[in-house]
Structure formats: C-alpha cells, structure tokens
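The values are calculated or read from the model by the stated rules, or taken from the named source; none is laboratory data. The structure presented is a predicted model; accordingly, all values stated were derived computationally and were not measured. A quick note on method: Cβ atoms are made from the backbone with ideal geometry, for glycine too, and the neighbour counts reach across all protein chains shown.
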Amino acid sequence: MLMELIATFALGVAAAGAVMILRRFSPARLPRWATPAAAGLAMIGFTLWSEYTWFSRTEIALPESFEIVTRHEHSSIFRPWTQVRPFIDRFSAIDKNALRRNEQVPGQIMAEVLMVTRHSGNARLPVLIDCPGTRRADLSDGMKFNEAGALLDADWYQLESDDPLLKTVCTTD
C-alpha cells in the first residue's frame, strides 16, 4: 500500500511537471490552474486504474493450478463511482494440485483455501470438505483423527449444493 501511495504522488508530480513545461514553452499559454488539475486528475486516474485492475493483475500472477472460488465486490458511499461499478477487493482460491484425499475416508478432500485481500496480507485456511455430506470443517492445530484418518470432533458447516468451494473441490479429478 505504501508503494502504491508513493507511485500515486510521483505520478501527480510528473503530471504537474509536464503541464508546467507545456505552460512555459507553448505559444498559447495554459491557465495556471491546469498544473494542479493535471496532478489531481493523474492521481485520481491512477487510483481508479489500480483499484479496478488489481484483481485481474493478481489473478494472472497466480500459478495455473489455482482456481478462483469466490470474489468479493466492494462498493462504498465514499467512492461514488463504485455504486455504478463495484470493484473486487478480495477473493479466495484453491490450489487444485494440492488437494489431498484419503482412500480410507472416501468423499472427503483436504484443501487449503488461499484468501487474498487487497492492502492486507494473504491467509491460508486448511479445510476438509465432505463432498457427499455437502459440508466443510476448518482444520486447526490439535485436531484429532482416528486410525482410518477420519476427523474426530469437528465443527462441520453445512454448505449449499451450489457452494463454489464445494463445486471446485468436489469436481476436481
């Protein structure tokens, strides 16, 4: 976030400098207000570009084995343009190559959900998906498994049959 702020200010200074040079050397003088206006427009334009392209730039940087599960669109009254077109500020993804199965417990798949948020650190959440039962359990240290590898004393969350996480994990070959 700090680098983005520095880039925004640097772009504003560069735009203001370009307009100052144009004002100095152009035969038809530009008005004085053009310098701060150019700086402001450049900074606002860069901020908008950065907000609306963050998701696509981040998605392209993910390895091919990752599949996006959910996207969160953000809108705010303090950013009126987001009322017209919200932007994606966080998403979750699954590494399909890292899914783990236990043949002794069919239908259950262990996965790691990568949660990516703009301007925040990424988080990884290990989960166990019970495909036939359409449910999910979040895994944590200290959880116990029986001899066959089935999870004991888990807090299961029931999922809808069309849940994106369930569909992504359970349809992987």
- Note on the structure: Of ALA111, ALA98, ALA93, ALA137, the only residue that is modelled with pLDDT of 95 or more and small (Gly, Ala, Ser) is ALA93
- Task: Return a yes/no flag: does region 85-96 have any residue that is in a strand (DSSP E or B), assigned by TED's automatic domain parsing to the domain that holds ALA123 and exposed (fewer than 13 other Cβ atoms within 10 Å of the Cβ).
- Result: no
- Taking the residues in region 106-131 that are touching a residue at least 40 places away in the same chain (Cβ under 8 Å) and closer than 19 Å to GLU59 by Cβ as candidates, determine which candidate is surrounded by the fewest Cβ atoms within 10 Å (Cβ to Cβ). HIS119
- Note on the structure: Flagged in region 72-84 as in a strand (DSSP E or B) and of a type outside the set (Lys, Arg), in numbering order, are HIS72, GLU73, HIS74, SER76
- Inter-residue pairs, beta-carbon under 8 Å, first touching a residue at least 40 places away in the same chain (Cβ under 8 Å) and in region 75-98, second charged (D, E, K, R) and surrounded by fewer than 18 Cβ atoms within 10 Å (Cβ to Cβ), 6+ apart: ILE94/GLU67; ILE94/GLU112; LYS96/GLU67
- Query: Looking at region 40-57, is at least one residue in the same structural domain as ARG124 (by TED's automatic domain parsing), assigned to a helix (DSSP H, G or I) and within 29 Å of THR117 (Cα to Cα)?
  - Reply: no
- Enumeration of residues in region 122-173 that are in contact with a Leu (Cβ under 7 Å, 6 or more places away or on another chain), β-branched (Val, Ile, Thr) and part of a loop (DSSP other than H, G, I, E, B): THR134, THR172
- Task: From the list GLU103, GLU112, pick out the single residue that is in a strand (DSSP E or B) and outside the structural domain of MET1 (by TED's automatic domain parsing).
- Result: GLU112
- Item | Count of region 132-173 residues which are without any contact (Cβ under 8 Å) to a residue 24 or more places away in the chain and either within 25 Å of the chain's Cα centre (by Cα) or outside the structural domain of ASN102 (by TED's automatic domain parsing) (or both) | 7
